[in-house]
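Student: Before we start, here is the structure in question, set down as structure tokens.
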Amino acid sequence: MTGAFARLGAHFELGDHNRRLPAMEGLRGLAILLVFVCHYNGIIGEQLHLPPAIASASKVIGLWGAGGVDLFFLLSGFLIYRSALKHGLNYLAFLRRRLERIYPTFLVVFALYLGLVSLHLAPSRIPLGFVAGGRYLIENLLFLPGVFDIRAFIGAAWSLSYEWFFYLAIPLLVHAFQLHRWSRTSRVLFFAGIVVAYVGIVVAFGSHFPAFAWYDSTRIRMLMFVSGILVYEVLSSERLSALLTPSREVALVAVALAGAVLILIMCAVKSASGSADGEWTAETGTLQVIPTFIACAALALVVLRPGGLLAGAFSVNWLRWTGNISYSFYLMHSIPMHIVAVFLTHGPLRNVNPLIAYVIALPFTIAFVYVSSAVLFVAVERPLSLRPRQSSAASRAQLQAA
């Protein structure tokens, strides 16, 4: 049994990809499971007529689970900034590698969504009319929803717009300011200054720039890339990394837990707000990024530091494998969820008690998501996006990315 499990797990190993950090793979696993929690409520929970108290609790936990995207942004900030700091980085080769990494799996899932929409198994967001519908699909193929005020065809894919913006911008920023020549302290102060200035501007002038202030799916969350940049600067410095003594790591874990609780409370406040769509004020939406920024950074420091307090816990195989298929999981998971939602609301279980259906559907849904995501990873993502590079060792080092 152990041998069979090991052979199965071999399909989900990444080898030396990204200068392999096993605990980072596990942190990705946590991130995608939080996203699952978020969308299980949004796609399945909200389709059922749950008792009010259960529905409210599910909504709050779902809002809290959206923090998985913030963890993904942090990890991208860490990895892409690490690549961008390399002197002599080939910008076009870097972008080509990112295209190869992102597009094959995205295009397959995009086609699946088109098929499901045509079969009425997924909600259609395509505007009526050939021109309007065609323009909308092209906008989605170019990853414009997210940074731009366009609704994403694949609901979860809005975040790819932010990823692409970061991929395009951070190497140019590093090159323009020659950041690789700066001292580490100067770089830390530079990025910390960006965070403070950004938050200060949207808190003070949020009513004038509402799109930059809302926390959900909008621009304030781009600061999470900077959280990953700062984590990289700490962990790549022997002097700073040495400051993370066991007692200080325990304190960081406490900070991460306290931040998670505070974010949960803020999500409850948002859910209980009086407006029909559950939104809150721009100022409150902006402020949620502060505990998110701090809690995710604290967690990352004790997970990503070799020998860190939580490095071992995040290096367990099942969590690493979940992290390794997380991109396929992220793009695919809504499809099984929509199918389960249709089955629950229109199939033989439509008359079952909603709470019982909600609970019973959970293990079947997560199994359905894992299997479909694993198939997508093995059949598409791994052979097309993670295949061994034919370039030299030096080129491989330049092109490593998330």
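Taken together, the values in this text are just the output of simple stated rules run on the coordinates, not laboratory data. Please read these numbers as outputs of a predicted model, since none were measured by experiment. Reconstructed Cβ throughout: ideal geometry from the backbone, glycine too, with neighbour counts over all protein chains shown.
Student: In the chain, which helices (entire DSSP H runs) extend 20 Å or more along their own long axis, judged by Cα positions, while averaging at least 0.5 on the Kyte-Doolittle scale? Walk me through the numbers before you get to the answer.
Tutor: Details: long enough: 22-39 (26 Å, 1.41); 67-84 (25 Å, 1.22); 91-118 (39 Å, 0.96); 158-177 (29 Å, 1.08); 184-205 (31 Å, 1.78); 246-271 (37 Å, 1.73); 289-304 (21 Å, 2.70); 354-376 (31 Å, 2.02).
Qualifying helices, which must be both long enough and hydrophobic enough, are 22-39, 67-84, 91-118, 158-177, 184-205, 246-271, 289-304, 354-376.
Student: I need the semi-axes of the equivalent ellipsoid of the range 158-197: take the C-alpha gyration tensor, multiply each eigenvalue by 5, square-root it, list largest first in whole angstrom.
Tutor: Working: eigenvalues 93, 38, 9 Å².
Semi-axes from the Cα gyration tensor: 22, 14, 7 Å.
Student: For the residues 365, 185, what sequence is obtained by ranking on other C-beta atoms within 10 Å, fewest first? Can you show the working numbers first?
Tutor: Numbers: 365 22, 185 11.
Neighbour counts put them in this order, fewest first: 185, 365.
Student: Follow-up. Seen from all sides and averaged, what is the projected area of the convex hull of the Cα atoms in the range 304-395, in nm²? Provide the component values of the computation, followed by the final result.
Tutor: Numbers: hull surface 35.9 nm².
Average of the hull's projected areas for the range 304-395 equals 9.0 nm².
Student: Would you please give the FRET efficiency between residue 111 and residue 359, computed as 1/(1 + (r/R0)^6) with r the Cβ-Cβ distance and R0 = 35 Å, to the nearest 0.05? Mind dumping the intermediate values first?
Tutor: Values: r = 33 Å, r/R0 = 0.95.
Using R0 = 35 Å, I get an efficiency of 0.60.
Student: Once you have the alpha carbon radius of gyration of the range 99-161, what is it after dividing by 2.2 N^0.38 Å, with N set to its residue count?
Tutor: Values: Rg = 11.4 Å, N = 63, 2.2 N^0.38 = 10.6 Å.
Relative to the rule-of-thumb radius for its length, the range 99-161 sits at 1.07.
Student: Send over the semi-axes of the range 240-385's equivalent ellipsoid, whole angstrom and largest first, taken as the square roots of 5 times the C-alpha gyration tensor eigenvalues.
Tutor: Numbers: eigenvalues 220, 136, 41 Å².
Equivalent ellipsoid semi-axes, largest first: 33, 26, 14 Å.
Student: Using a 10 Å cut-off on Cβ atoms, rank the peptides 366-377, 306-317 from the highest mean neighbour count down.
Tutor: On the way: 366-377: 18.2, 306-317: 16.2.
With the highest mean Cβ count within 10 Å placed first, the list reads 366-377, 306-317.
Student: Based on other C-beta atoms within 10 Å, arrange 182, 64, 164 from fewest to most. Don't skip to the answer; put the middle values down first.
Tutor: Working: 182 15, 64 22, 164 19.
Listed from fewest to most nearby Cβ atoms, that is 182, 164, 64.
Student: Could you pull the Rg and Dmax for the range 25-99, using just the Cα atoms, both in Å?
Tutor: Rg, Dmax (Cα atoms, Å): 18.0, 59.
Student: Sort 266, 222 by Cβ crowding within 10 Å, fewest neighbours at the top. Don't skip to the end; give the middle numbers.
Tutor: Values: 266 22, 222 18.
The most exposed by this proxy come first: 222, 266.
Student: When the Debye formula is applied to the Cα atoms of the chain, each taken as the same point scatterer, what base-10 log of I(q)/I(0) results at q = 0.07, 0.13 Å⁻¹?
Tutor: The calculated log intensity ratios at q = 0.07, 0.13 Å⁻¹ are -0.33, -1.24.
Student: Spin-label point model (7 Å from Cα, Cβ direction): what's the residue 13 to residue 250 distance in nm?
Tutor: Simple spin-label model gives 3.6 nm for this pair.
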